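Only one structure is covered here, and it is reproduced in the block below.
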Amino acid sequence: MLTSLSRLDGYAVAGPDDGDHLGRLRDAYFDDRRWSIRHLVVDVGHWPAHHRVLVSPWSVRGLDPARRILHTDLTRGELAESPDADSDKPVSRQHAIDLARYYGFYGFPYHWLGTAPVSAQWMAAGGGEVAVVTLAPRLRRAGDRHLRSAREVLGYYVHAHEDDVGHVSDFLFGDAAWAIRHVVVALRRGLTRRRVLVPVGFVSRVDWDAGAVSVALTDSTLRAAPEYDPAEPFGPDLECRLTRFFGPPPFREP
């Protein structure tokens, strides 16, 4: 069964005892090469002592969409001992740390401006796009450059061969293998809005600096793709239509 990744935001996390509320799901980190969900980010504790930890999706026993509960085999103690969310940072956090180090080293003031792309942060600070291109290669690169925050990628532009055609509005994943299968793209043309599914095998690049997902498809192909209605369950009929429409993907799918 395919499940909407964005709808998991805010799910209560329950331990082996169904009544034991352990925290809430706040994000998922995925690998943009294998399209596998590597970590679930769970907010545990209570303000002001709450913090976020990384949980393996393989500890999940099941999802209850009706009650918005994620069931896990982890006990409260095991969840409290899980790795801190900063122990494996997605690209957005790695870039922010790189920028902070760069500006700190050269004496420039730096302010955290959220998870906007570097170009947007620079422009918001009064800089120009050329300066970002010049500075970016000088930043120290470390960590896994393929680890992505699903929350951060939502809203990225979707770039086809010719132009930007819309934005990422969701992901569909298989909760048995915890692999993302499709990107939900919200297309725009004038006042017209419609959603289509793009198999991840057609995604050529995820670019944090540009805030964009590039796909190996033409603008016209995307606009002619079968429409996706989030209110209707994803079934084998739509899967077959997508396979017939897009054909074999140029990149390996999970």
With respect to Ile37, is the statement that it is within 16 Å of the chain's Cα centre (by Cα) and either in the same structural domain as Val196 (by TED's automatic domain parsing) or not charged (D, E, K, R) (or both) true? yes
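Please state which one of Asp73, Asp43, Asp64 is in contact (Cβ under 8 Å) with a residue 40 or more places away in the chain and of a type in the set (D, E, K, R). Outline the logic, then answer.
Details: Asp43 fails: in contact (Cβ under 8 Å) with a residue 40 or more places away in the chain; Asp64 fails: in contact (Cβ under 8 Å) with a residue 40 or more places away in the chain.
That would be Asp73, the only listed residue that is in contact (Cβ under 8 Å) with a residue 40 or more places away in the chain and of a type in the set (D, E, K, R).
Collect the residues in region 212-223 that are more than 16 Å from Ala186 (Cβ to Cβ) and either of a type in the set (A, V, I, L, M, F, W, C) or not in a helix (DSSP H, G or I) (or both), keeping them in residue-number order. Break it down into steps so the answer makes sense when it comes.
Within region 212-223, the subset more than 16 Å from Ala186 (Cβ to Cβ) is 214, 216, 218, 220-221.
Across region 212-223, the qualifying residues are Ser214, Ala216, Thr218.
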Looking only at region 32-84, count how many residues are at positive phi and in contact with a Pro (Cβ under 9 Å, 6 or more places away or on another chain). 1
Considering (1) of a type in the set (Gly, Ala, Ser); (2) touching a strand residue (DSSP E or B) at 6+ places or on another chain (Cβ under 7 Å); (3) at pLDDT below 90, say which one Ser59 fails and leave the rest. (3)
Could you check region 192-232 and list, in sequence order, the residues that are crowded, with 19+ Cβ neighbours inside 10 Å and free of Cβ contacts under 8 Å to residues at least 40 places away in the same chain? Val196, Ala225
Reported set for region 76-89 where residues are in contact (Cβ under 8 Å) with a residue 60 or more places away in the chain and under 14 Å from Leu40 (Cβ atoms) is Leu79
Within region 233-248, is there a residue that is touching a strand residue (DSSP E or B) at 6+ places or on another chain (Cβ under 7 Å), at negative phi and exposed (fewer than 13 other Cβ atoms within 10 Å of the Cβ)? no
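On the basis of being within 16 Å of Val183 (Cα to Cα) and either buried (at least 16 other Cβ atoms within 10 Å of the Cβ) or without any contact (Cβ under 8 Å) to a residue 60 or more places away in the chain (or both), does Ala28 make the cut? It would help to see each step written out before you state the result.
Working: within 16 Å of Val183 (Cα to Cα): yes; either buried (at least 16 other Cβ atoms within 10 Å of the Cβ) or without any contact (Cβ under 8 Å) to a residue 60 or more places away in the chain (or both): yes.
Yes; evaluated as a whole, the condition is true for this residue.
Applying the selection to region 15-24, what residues are surrounded by fewer than 20 Cβ atoms within 10 Å (Cβ to Cβ) and modelled with pLDDT of 90 or more?
Step one: of region 15-24, the residues surrounded by fewer than 20 Cβ atoms within 10 Å (Cβ to Cβ) are 16-21, 24.
Result: Arg24, single match.
The values are calculated or read from the model by the stated rules, or taken from the named source; none is laboratory data. None of these values were measured; they are calculated from a predicted model. Glycine also receives a Cβ, built like all others from the backbone with ideal geometry; neighbour counts cover every protein chain displayed.
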